[in-house]
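Quick notes on the structure that follows.
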Amino acid sequence: MNQKIAKWIFYAGTLSSAILFLVLTWDTNRQFTVLTNAQQISGEVIAGKKVFQKYNCNDCHTILGFGGYYAPDLTRVSQRRGEAYFRQVVSQPEVVLVNSFRKMPQLTIPSKEQEQLVAFFTWVNEINNQDWPPQDSKKRRQAGTNQLMQSGTLSAGATIFKTNGCFACHKLGGIGGKAGPALDNVGARLDMQTIKKQITNPQSRVPDSVMPAFNQLSDGDVQVLAEFLAAQKGGEK
């Protein structure tokens, strides 16, 4: 290869790369409204963004690639933890995160602002950013929850378990947090009534328990969740 050919390869490669970059930039901007779920930006979502800024959440948390790396990424927190867990950790971080090496300050965020944050994170969760961040990839999470599947869909109890943030503290099927015990054999250890009591009033069983009471669940949801957990009678002890 002589110098002239090398130059033409360089020019052609640079030009084609520039054209590809411009085309992809144009295409992204063309789809911006759809990709960002812009039609769902309500007053509550905007207020939630302001609350996020007011309490300097970005100092510790990353969202959409921006922010600190001390605490978990919040881009997909709505799908990863669910609204119930979010409200618990914001209201009682000293309780929910007592066994975590990362500590969150008690910010005393009013309930109205908490709801605005929920709206904001729910909207962010629906932004199409090509399945980012990877730790919250839907494909990865699906692989981890296959053991909860029944006939191709999550059972009612498994859905409640997943959407109410139970994975944040408990392991099931090898995935989940370590703040609480693994629940693979909870049905062999506790009966149905004890499980229900543990869900709604954990301190009635263990006075110094740091598990929050899930009082936001309806009686029907508690029953379905308890039935699901009571059926877990094998695995990690």
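A few remarks follow.
- Just so you know, in the stretch 180-212 the residues that are of a type in the set (Gly, Ala, Ser) and buried (at least 16 other Cβ atoms within 10 Å of the Cβ) include one that is farthest from VAL90 (Cα to Cα), and it is GLY187.
- Residue among GLN116, GLN147 that is modelled with pLDDT under 80 and part of a helix (DSSP H, G or I): GLN147
- Residues satisfying the stated conditions in the stretch 176-208, i.e. in a loop (DSSP other than H, G, I, E, B) and either under 18 Å from ALA84 (Cα atoms) or out of contact with any helix residue (DSSP H, G or I) (no Cβ under 8 Å at 6 or more places or on another chain) (or both): GLY177, LYS178, ALA179, GLY180, PRO181, ALA182, ASP184, ASN185, ASN201, VAL206, PRO207, ASP208
- Identification of helices (runs of 4 or more DSSP H) wholly contained in the stretch 1-75 with 1 or more residues that are in contact with a Leu (Cβ under 8 Å, 6 or more places away or on another chain) and modelled with pLDDT of 90 or more yields 43-54.
The values are calculated or read from the model by the stated rules, or taken from the named source; none is laboratory data. Predicted model only: the values in this text are computed from it and were never measured. For neighbour counting, all protein chains shown are included, and Cβ atoms are generated from backbone atoms with ideal geometry for every residue, glycine included.
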